[in-house]
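Read the figures in this text as sums done on the coordinates, not as results from a lab. Keep in mind the model is a prediction, meaning the values are calculated, not measured. Positions of Cβ are generated from backbone atoms using ideal geometry, with glycine treated the same way; all protein chains shown enter the neighbour counts.
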Amino acid sequence: MIQVSENTITITPLNAPIGAEITGVDLSQEQSPKVMKMIDDAYNKYNLLLFRNQQLTPDQHIRFGASLGPLEIHVLKRYLLQSHPEILLISNILREDGDFLGLPDAGQTWHTDTSYRQKPSRGSILYALEIPRDENQQALGDTLFASTAAAYDDLTKELKDFLHGKKAIHRYSQRKRPVDSKREKLTKEQLQETPDIAHPAVRTHPHTGRKALYLFEGECVGIEGMPEEEGAKLISYLTQHIIRPKYIYRHKWNEGDVIMWDNAASLHLAVCDYKLPQRRLLHRVTIEGGVPF
Ligand code: SIN
């Protein structure tokens, strides 16, 4: 455990290859530049931060997110909080008109956010308002986070050398969705807006310089300069490597939890093991990122 300033704030690495828990910070309050720097540094170092027992209004959530960088507005406008479009609702709850209150199947296959864009998001800050529970009151709907940096560290020198300078091709229309996904097919315009993007297969963290794998099966369709089938095999091998249990932190949510993750060093997956009347509602804000290098 690291004690940051006179017995108030603590940063404790999670018992996992990614993440740390911070206590002693009330995110509903405006933070001093010193505390914000401490949070930002821990975010870059641990690639995932957990704060428990928070109570955030949409304005407070947005203010905290915006203090880490400009915020993005999600493309799926119907799932934005009307009064605060910076907030994307993630939820299986049904509205009166029969539509979902939020995006019901967000993140239900392994991915890193908006990697099909030239400038993928830096990360998201997810705030849990309602968490589904089983008959024994055990939380359902966990989220798994895999450290792509720890997975990279363990590769052989030969494979690291081989991957050096290689680029993986990300294709949004190929992004894997759950089998029962209710998402509409991408329109012609959306397809035109999301052409294939080649990103380094190994990216360098913009703040720490740590290297991490940056590809995954279910969106990446090949490796530039490699025959299609060989590229696909390599992507599949590396994805299976990243999602080995030893690289994963599995979060069991409680209402009031806030988790922020770093897309430059992780993949994540939301587990859908619940259904109505078990309700799940989270608010998400997303921070802009830079071009991966
Ligand atoms: C996401 O991928 O943004 C959603 C994660 C979750 O709902 O647990």
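Order by neighbour count: Leu103, Leu89, Leu276, Leu140, fewest other Cβ atoms within 10 Å first, most last. Write down the numbers at each step before the final one.
Values: Leu103 20, Leu89 23, Leu276 11, Leu140 17.
Ordered from fewest to most neighbouring Cβ atoms within 10 Å, Leu103, Leu89, Leu276, Leu140 come out as Leu276, Leu140, Leu103, Leu89.
Please report the net charge: other residues with Cβ closer than 14 Å to the Cβ of Pro85, K and R +1, D and E -1.
0
Check which residues have an amide H placed less than 5 Å from His111's amide H, if you skip close sequence neighbours.
Under 5 Å from the amide H of His111 lie the amide H atoms of His268, each far enough along the sequence or on another chain.
Indicate the gyration tensor shape class of the stretch 157-283 (rounded, prolate or oblate), computed on the Cα atoms with a ≥ b ≥ c the square roots of the eigenvalues: a/c under 1.5 is rounded; otherwise a/b larger than b/c is prolate and the rest oblate.
oblate
Report the semi-axes of the equivalent ellipsoid for the chain in whole Å, largest first, where each axis is √(5λ) for an eigenvalue λ of the Cα gyration tensor.
Semi-axes (√(5λ), whole Å): 29, 25, 18.
Show the residues, 5+ positions off or on another chain, whose built amide H is closer than 5 Å to the amide H of Cys220.
The answer is Arg171.
For the chain, what is the calculated [θ] at 222 nm in deg cm²/dmol (nearest 500), taking -39500 (n - 2.57) for each run of four or more DSSP H residues and dividing by its residue count?
-5500 deg cm²/dmol
With θ set to phi - 60°, apply the Karplus curve 6.51 cos²θ - 1.76 cosθ + 1.60 along the stretch 67-80 and write out the HN-Hα couplings as whole Hz, x wherever there is a Gly or Pro.
Rounded to whole hertz, the list is 7, 10, x, x, 9, 9, 10, 5, 5, 7, 4, 5, 9, 8.
Give the order of Glu130, Glu228 when sorted by the count of other beta carbons within 10 angstrom, beginning with the fewest.
Listed from fewest to most nearby Cβ atoms, that is Glu228, Glu130.
Net charge near Leu126, counting Lys/Arg +1 and Asp/Glu -1 over other residues with Cβ under 10 Å of its Cβ?
Cβ neighbours under 10 Å give a net charge of 0.
Collect residues whose amide H, placed 1.01 Å from N in the peptide plane, falls under 5 Å from the amide H of Ile9; neighbours closer than 5 in sequence don't count.
Amide H to amide H, under 5 Å and 5 or more residues apart or across chains, Ile9 pairs with Val4.
Which whole-Hz ³J(HN,Hα) couplings does the stretch 124-129 yield from phi under the Karplus relation 6.51 cos²θ - 1.76 cosθ + 1.60, θ = phi - 60°, glycine and proline marked x?
10, 10, 9, 10, 8, 9
If R0 is 30 Å, what FRET efficiency do you get for Glu288 and Gln137 from their C-beta distance, rounded to 0.05?
Efficiency at R0 = 30 Å is approximately 0.20.
Which of Val271, Val221 comes first, and how do the rest follow, when ranked by fewest Cβ neighbours within 10 Å?
With the fewest neighbours first, Val271, Val221 line up as Val271, Val221.
Normalising by the residue count of the chain, find the relative contact order in percent from Cα pairs under 8 Å and 6+ residues apart.
Numbers: 617 pairs, mean separation 91.9, N = 293.
Reported relative contact order: 31 percent.
What are the ³J(HN,Hα) couplings of the stretch 230-239, residue after residue, when phi is run through the Karplus curve with 6.51, -1.76, 1.60 and θ = phi - 60°? Round to Hz, x for glycine and proline.
5, x, 4, 5, 5, 4, 5, 4, 5, 5
Per q in 0.11, 0.16, 0.23 Å⁻¹, report the Debye log10 I(q)/I(0) for the stretch 1-109, using one uniform scatterer on each alpha carbon and no solvent.
Relative scattering, expressed as log10 I(q)/I(0), comes to -0.45, -0.87, -1.29.
May I ask you to compute the full-extension gain from Ser28 to Arg78, defined as 0.36 nm times their residue separation minus their alpha-carbon distance, rounded to one decimal in nm?
Roughly 15.4 nm would be gained on extension.
Which entries in the list Lys77/Lys119; Lys211/Lys246; Lys45/Lys119; Lys77/Lys167; Lys252/Lys275; Lys157/Lys211 go over 23 Å, if you measure between the two C-alpha atoms of each?
Correct reply: Lys77/Lys167.
Let me spell out the model: positive unit charges on the Cβ of Lys and Arg, negative unit charges on the Cβ of Asp and Glu, origin at the Cα centre of the chain. What dipole size does that give, in debye rounded to 20?
Value, rounded to 20: 380 debye.
Net charge near Leu49, counting Lys/Arg +1 and Asp/Glu -1 over other residues with Cβ under 12 Å of its Cβ?
-3
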